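The next block holds one structure in the form of structure tokens; read it before the comments.
The values are calculated or read from the model by the stated rules, or taken from the named source; none is laboratory data. All of these numbers come straight from a predicted model, not from anything done at the bench. Here the Cβ positions follow ideal geometry from the backbone for every residue, glycine too, while neighbour counts run over all protein chains shown. All accessible areas refer to the heavy atoms of the entire protein, side chains included, with ligands and DNA or RNA removed. Shrake-Rupley method; radii C 1.70, N 1.55, O 1.52, S 1.80 Å.
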Amino acid sequence: MVPTTTAFAATLHVPGQYRTIQEAIHSTRPGDTIIVAPGEYRLPHGNITIDKEFLTLKSAGGAAETIIVGSGNSSVIAVLEGSRAVIDGFTITSVNKDMDTSAARGGGIYCAPFSSPVIINNIITRNNALYGGAIYCDRSSSPDITNNVISKNKATGVGGGIFSFWAASNINRNRLVENEATDAGGGIYAYRDSSRITNNIIWKNKAKLGGGISCDRSAATVINDTITENMAVY
């Protein structure tokens, strides 16, 4: 659905017009686009919160050149309830490797209940959480997670790469590589959800149960995925 305000949408630039990504988000109106110049953006505690319904956050130079580095024990990017934001073309990572200070849910990106963000063309790497090392899809969310590289994230619980919890996630054409969960779902953990997991490469992930994918009381659809060299570690 395209917002009716699209005709009046503006393009905001970071750091040209706004010093930080969060400042630009606070200044947007429905349908606006934030273009982020290449560079490394180190975030203070609190990281980035997207609370706008219609917003596109896009890098100018692609994920390899535009790096968002989170800190503290919260998700690098939190997409709040009702948001349909687009997150396009960033490396999303965290400076904290100490699991005692990792996020509770979604080390890289947290999708709140009833949110439906589009997460596309990103590199989500080296994030930690209790649940969902890279991405956590909360109850009744429906994120579109497409064409991302999700690598070397870790969960002390379940879902080293992605944890889809009672959600309807579309997980398509991603590469999930070398993620790890202490318990289950090294690459993806699906719990009571109805996600579509299609056309992904799920390679060299590790967990006690389901090194690649673990589905628990789930109605997930798993089609055309390449699942190889994942490990169950006891």
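Listed here are the strands (runs of 3 or more DSSP E) enclosed by the range 36-115 that have at least 2 residues being touching a Gly at 6+ places or on another chain (Cβ under 8 Å) and at negative phi: 55-59, 66-70, 77-79, 91-94. Working only within the range 178-188, note down all residues that are open to solvent by 50 Å² or more (accessible area, probe 1.4 Å) and either assigned to a strand (DSSP E or B) or over 18 Å from Arg217 (Cα atoms) (or both). The answer is Glu178, Glu180, Thr182.
Which residues, counting only those in the range 142-152, are buried (at least 24 other Cβ atoms within 10 Å of the Cβ) and either assigned to a strand (DSSP E or B) or out of contact with any Ser or Thr (no Cβ under 9 Å at 6 or more places or on another chain) (or both)? Matches in the range 142-152: Ile145, Asn148, Ile150.
Taking the listed residues Asn73, Asn47, the one that is in contact with a helix residue (DSSP H, G or I) (Cβ under 6 Å, 6 or more places away or on another chain), in contact (Cβ under 8 Å) with a residue 24 or more places away in the chain and closer than 30 Å to Thr156 by Cβ is Asn73, with no other qualifying. Which of (1) part of a strand (DSSP E or B); (2) crowded, with 21+ Cβ neighbours inside 10 Å; (3) not polar (S, T, N, Q) does Val222 not meet, given it meets every other one? Going through the list (1) part of a strand (DSSP E or B); (2) crowded, with 21+ Cβ neighbours inside 10 Å; (3) not polar (S, T, N, Q), Val222 breaks only (2). For the range 4-36, what are the residues that are of a type in the set (Gly, Ala, Ser), modelled with pLDDT under 95 and surrounded by fewer than 14 Cβ atoms within 10 Å (Cβ to Cβ)? Ala7, the sole residue that qualifies. Gly89 falls short on exactly one of the conditions (1) open to solvent by 30 Å² or more (accessible area, probe 1.4 Å); (2) out of contact with any Pro (no Cβ under 6 Å at 6 or more places or on another chain); (3) under 20 Å from Ala9 (Cβ atoms), and that condition is (1). Quick one: count up the residues across the range 12-35 that are among the β-branched types (Val, Ile, Thr) and either assigned to a strand (DSSP E or B) or more than 19 Å from Gly70 (Cα to Cα) (or both). Here the count works out to 5.
For (1) open to solvent by less than 10 Å² (accessible area, probe 1.4 Å); (2) at pLDDT below 95; (3) of a type in the set (D, E, K, R), each residue gets a yes or a no:
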{"site": "Val2", "(1), (2), (3)": "no, yes, no"}
{"site": "Gly46", "(1), (2), (3)": "no, yes, no"}
{"site": "Thr49", "(1), (2), (3)": "no, no, no"}
{"site": "Leu80", "(1), (2), (3)": "no, no, no"}
{"site": "Ala85", "(1), (2), (3)": "yes, no, no"}
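Going residue by residue through the range 93-111, is there one that turns out to be touching a residue at least 40 places away in the same chain (Cβ under 8 Å) and aliphatic (A, V, I, L, M)? Within the range 93-111, one or more residues are touching a residue at least 40 places away in the same chain (Cβ under 8 Å) and aliphatic (A, V, I, L, M).
Report, by residue number, each residue of the range 153-177 that is crowded, with 19+ Cβ neighbours inside 10 Å and either modelled with pLDDT under 95 or not in a strand (DSSP E or B) (or both). Passing the criteria: Asn153, Gly159, Gly160, Gly161, Ala167, Ser169, Asn174.
Between Ser102, Ser94, the distinction of being out of contact with any Asp or Glu (no Cβ under 9 Å at 6 or more places or on another chain), more than 22 Å from Ala190 (Cβ to Cβ) and modelled with pLDDT under 95 belongs to Ser94 only.
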